[in-house]
Number of protein chains: 2
Amino acid sequence: MRLIEAFERLPGIGPKTAQRLTFYLLHNPQSELDKFSEALKNLKRDTKECEICFNVAESSPCSICLDRERDQTKICVVEQALDILAIERGGFYQGLYHVLGGSISPLNNVGPEELKIRELIDRLKTGRVKELILATNPNMEGEATAMYIAKQANRFPEIKITRIGRGLPIGADLEYADEATLNRAFEGRREM
Amino acid sequence: MRLIEAFERLPGIGPKTAQRLTFYLLHNPQSELDKFSEALKNLKRDTKECEICFNVAESSPCSICLDRERDQTKICVVEQALDILAIERGGFYQGLYHVLGGSISPLNNVGPEELKIRELIDRLKTGRVKELILATNPNMEGEATAMYIAKQANRFPEIKITRIGRGLPIGADLEYADEATLNRAFEGRREM
């Protein structure tokens, strides 16, 4: 069936899951299928890229950039919009964001110009920002990107540049941690 | 976003997967989204219940019932259409099917009349069937349903009634098998 094939094309969905989802939907009312179908068709139409932070949202500027309650002195730099959702789930961060659209990766021909770094620097020029939190992924590309941005942002001496902590994830087992993570965890140790 | 919510309503898809799928689709061409959307909207319209075996298919009778190459002397009885897909994946069975639409379950008010058992008996009356393979699930309801059907089909002495084997799944670890499965595996032991 065509729907099974459509589901199978999604990442992480194998043939069995695709069948299970399709048969599940078969027992849903047509009105539910229509709603799902409309949401799919209008996905791109209903989705904007925020002109300020490049977050994926229903409006531009996005609701986070427009929220006056949020701390306008902090910008958290992430690689992609999905990362914002992950951080927002935590509810511990009340500042703004900036989506780079990837990370510097010479192997994939992605240089700094391909990312929204110039736009980030422009935001820093307003003088409102007091802290720039670099939350790119803790892998080679993410670290290189963080390093590049830190260097660029150094010309604003009033802005504190921070990098998210790296170490053992909460709930992890030391026994199974990889060397690089353990190394970082030791480097990042704090006095108790 | 509405699409995230639609995905979240599917079984086995949590909020994080729903977000991941939505952001993945955002980078798909609109034509792909339209195809997916159409398949969803037309799911029920494009899906028929086979008038012979009650399989879910694109036509009625279904392609299996219409396939003259298949062994017309065997009927495999399953609880639901998804079970047919699982068996067909194996490619070891070349006979016909019969979908009951569930199993006898007094707790859920499902009696034999709610299932396609009368229709199965009607198919047996044609005299073409030589073996009836009862492939209902190996749980209490499935066993009760198999037993009930076996009793009903007993009046056709020319039909061999068989039940799928129960025991340890291939690749399983004896150490972790539950008692009931181990018990069945011992009962079902064969001479080597």
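The values are calculated or read from the model by the stated rules, or taken from the named source; none is laboratory data. Fair warning: this is a prediction, and the values are worked out from it, not measured in the lab. Virtual Cβ from ideal backbone geometry, glycine too; neighbours counted across all protein chains shown. Areas reflect the complete protein model, heavy atoms only, side chains present, ligands, DNA and RNA absent. Shrake-Rupley method; radii C 1.70, N 1.55, O 1.52, S 1.80 Å.
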Condition set open to solvent by less than 30 Å² (accessible area, probe 1.4 Å), part of a helix (DSSP H, G or I) and at the interface with chain A (Cβ under 7 Å from one of its Cβ atoms), scope region B:1-17, selection farthest from B:Leu66 (Cα to Cα): answer is B:Leu3
Going through region B:38-77 in order, the residues found to be over 26 Å from A:Gln30 (Cβ atoms) and not in a helix (DSSP H, G or I) are B:Asp67, B:Arg68, B:Glu69, B:Arg70, B:Asp71, B:Gln72, B:Thr73, B:Lys74, B:Ile75, B:Cys76, B:Val77
Within region A:69-80, is there a residue that is over 21 Å from A:Ile161 (Cβ atoms) and hydrophobic (A, V, I, L, M, F, W, C)?
no
Those residues of region A:18-58 that are among the small types (Gly, Ala, Ser), under 27 Å from A:Met1 (Cα atoms) and at the interface with chain B (Cβ under 9 Å from one of its Cβ atoms) come to a total of 2
Heads up, the helices (runs of 4 or more DSSP H) in region A:88-192 (entirely inside) with at least 2 residues that are farther than 19 Å from A:Val77 by Cβ and open to solvent by 100 Å² or more (accessible area, probe 1.4 Å) are A:179-187
Qualifying residue in region B:61-83 (condition: among the β-branched types (Val, Ile, Thr), within 12 Å of chain A (Cβ to nearest Cβ) and crowded, with 19+ Cβ neighbours inside 10 Å)
no
